[in-house]
Amino acid sequence: MTDERLGTVAALLEEKGSQQYGLDAVTQLQHALQAATLAEADGGGHALIAAALLHDIGHMVHDLGENPAGGGIDDRHEEVGQRWLARWFGPAVTEPVRMHVAAKRFLCATEPDYFARLSPDSVRSLGLQGGPMSADEAAAFRATPHADAAVRLRRYDEGAKRPDAQTPPVAHFLPYVARSLAS
Ligand code: FE
């Protein structure tokens with residue numbers, strides 16, 4: 001039961017994944033695999049694991065280069081990724097992806113020590129993305145469906161920037177992606 005869509009996802013990760021992840025010392029592929037590994041270890045369901053693996057796919061389907069934030073550009077990769085994924089996946093995958101940047105702005109507003117744990121590149125993009133949320137924005141975010149999943153995904157994202165981390169290969173995570181595909 002192979003599905004062309006799985007092959008497309010895997011090929012995109014393998015081909016575009018060699019690009020550096022912003023200014024961090026990991027590639028896009030390492031970052032995706034580390035995020036998915038953290039989601040799996042955290043007991044995330046198949047949709048959350050798939051979302052973690054695919055959360056930055058928007059970086060891989062645009063043409064703004066490897067480090068748009070360094071050039072002062074917000075690539076809006078979360079919306080690009082959400083639109084790309086929405087052809088094949090339901091909201092349990094696409095909504096955490098769409099909201100993973102907002103979740104950073106949410107956590108910076110609601111957890112006093114969160115900002116201090118951001119990587120320098122993430123601090124720079126935070127400014128381009130609108131900075132920490134206001135109290136009203138944070139309340140609205142919390143009330144949005146899939147907000148909890150988006151916050152969990154954000155924590156995996158932040159933890160997925162370690163040059164020395166070992167992960168399983170893409171193939172290990174494809175069954176989760178397969179289960180998350182819309183029929
Ligand atoms: Fe990320």
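The values are calculated or read from the model by the stated rules, or taken from the named source; none is laboratory data. Quick caveat, the model's predicted, so the values are computed rather than measured. So basically every Cβ, Gly included, is an ideal-geometry build from the backbone, and we count neighbours across all protein chains shown. Just the protein is used for accessible areas: all its heavy atoms, side chains included, with ligands, DNA and RNA removed. Shrake-Rupley method; radii C 1.70, N 1.55, O 1.52, S 1.80 Å.
Would you confirm whether or not the stretch 148-163 contains a residue that is surrounded by 14 or more Cβ atoms within 10 Å (Cβ to Cβ), more than 13 Å from the ligand (Cβ to nearest atom) and of a type in the set (Gly, Ala, Ser)?
Yes, there is a match, as at least one residue in the stretch 148-163 is surrounded by 14 or more Cβ atoms within 10 Å (Cβ to Cβ), more than 13 Å from the ligand (Cβ to nearest atom) and of a type in the set (Gly, Ala, Ser).
Residue by residue, here is whether (1) assigned to a loop (DSSP other than H, G, I, E, B); (2) under 28 Å from residue 15 (Cβ atoms) holds:
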{"site": "96", "(1), (2)": "no, yes"}
{"site": "107", "(1), (2)": "no, no"}
{"site": "113", "(1), (2)": "yes, no"}
{"site": "116", "(1), (2)": "no, no"}
{"site": "144", "(1), (2)": "yes, no"}
{"site": "148", "(1), (2)": "no, no"}
{"site": "153", "(1), (2)": "no, yes"}
{"site": "158", "(1), (2)": "no, yes"}
{"site": "162", "(1), (2)": "yes, yes"}
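Those residues that are open to solvent by less than 80 Å² (accessible area, probe 1.4 Å), charged (D, E, K, R) and free of Cβ contacts under 8 Å to residues at least 24 places away in the same chain, I need them from the stretch 98-121; list them, please.
Within the stretch 98-121, 111 is the sole residue that qualifies.
Report the residue count in the stretch 1-28 for those that are within 18 Å of residue 175 (Cβ to Cβ) and either assigned to a helix (DSSP H, G or I) or among the small types (Gly, Ala, Ser) (or both).
11
Being in contact with a strand residue (DSSP E or B) (Cβ under 9 Å, 6 or more places away or on another chain) and at pLDDT 95 or above is the filter; apply it to the stretch 124-182 and report the residue that is farthest from residue 38 (Cα to Cα).
Restricting to residues being in contact with a strand residue (DSSP E or B) (Cβ under 9 Å, 6 or more places away or on another chain) and at pLDDT 95 or above, the top hit is 181.
Check whether at least one residue in the stretch 69-87 is within 16 Å of the ligand (Cβ to nearest atom), within 20 Å of residue 25 (Cβ to Cβ) and open to solvent by 50 Å² or more (accessible area, probe 1.4 Å), and report yes or no.
No: zero hits.
I'd like the full set of residues that are in contact (Cβ under 8 Å) with a residue 24 or more places away in the chain and more than 11 Å from residue 104 (Cα to Cα), limited to the stretch 148-162.
Once the filter is applied, which keeps residues that are in contact (Cβ under 8 Å) with a residue 24 or more places away in the chain and more than 11 Å from residue 104 (Cα to Cα), the stretch 148-162 yields 149, 156, 159, 160, 161, 162.
Select from the stretch 34-49 the residues that are without any contact (Cβ under 8 Å) to a residue 60 or more places away in the chain and part of a helix (DSSP H, G or I) and list them in ascending order.
Residue satisfying the conditions is 41 alone.
Just a yes or no: is a residue in the stretch 54-67 of a type in the set (A, V, I, L, M, F, W, C), at pLDDT below 95 and either open to solvent by 20 Å² or more (accessible area, probe 1.4 Å) or part of a loop (DSSP other than H, G, I, E, B) (or both)?
For the stretch 54-67, residues of a type in the set (A, V, I, L, M, F, W, C), at pLDDT below 95 and either open to solvent by 20 Å² or more (accessible area, probe 1.4 Å) or part of a loop (DSSP other than H, G, I, E, B) (or both): present.
Scan the stretch 122-147 for residues that are farther than 24 Å from residue 21 by Cβ, of a type in the set (A, V, I, L, M) and without any contact (Cβ under 8 Å) to a residue 12 or more places away in the chain and jot them down.
Listed by number, the residues that qualify are 139, 140, 143.
Name the residue that is farthest from the ligand (Cβ to nearest atom), counting only residues in the stretch 164-183 that are outside any helix (DSSP H, G or I) and open to solvent by less than 60 Å² (accessible area, probe 1.4 Å).
If we take residues in the stretch 164-183 being outside any helix (DSSP H, G or I) and open to solvent by less than 60 Å² (accessible area, probe 1.4 Å), then 182 is farthest from the ligand (Cβ to nearest atom).
So, in the stretch 9-51, of the ones that are at pLDDT 95 or above, at negative phi and open to solvent by 50 Å² or more (accessible area, probe 1.4 Å), which residue ends up farthest from the ligand (Cβ to nearest atom)?
For the stretch 9-51, the residue satisfying everything is 46.
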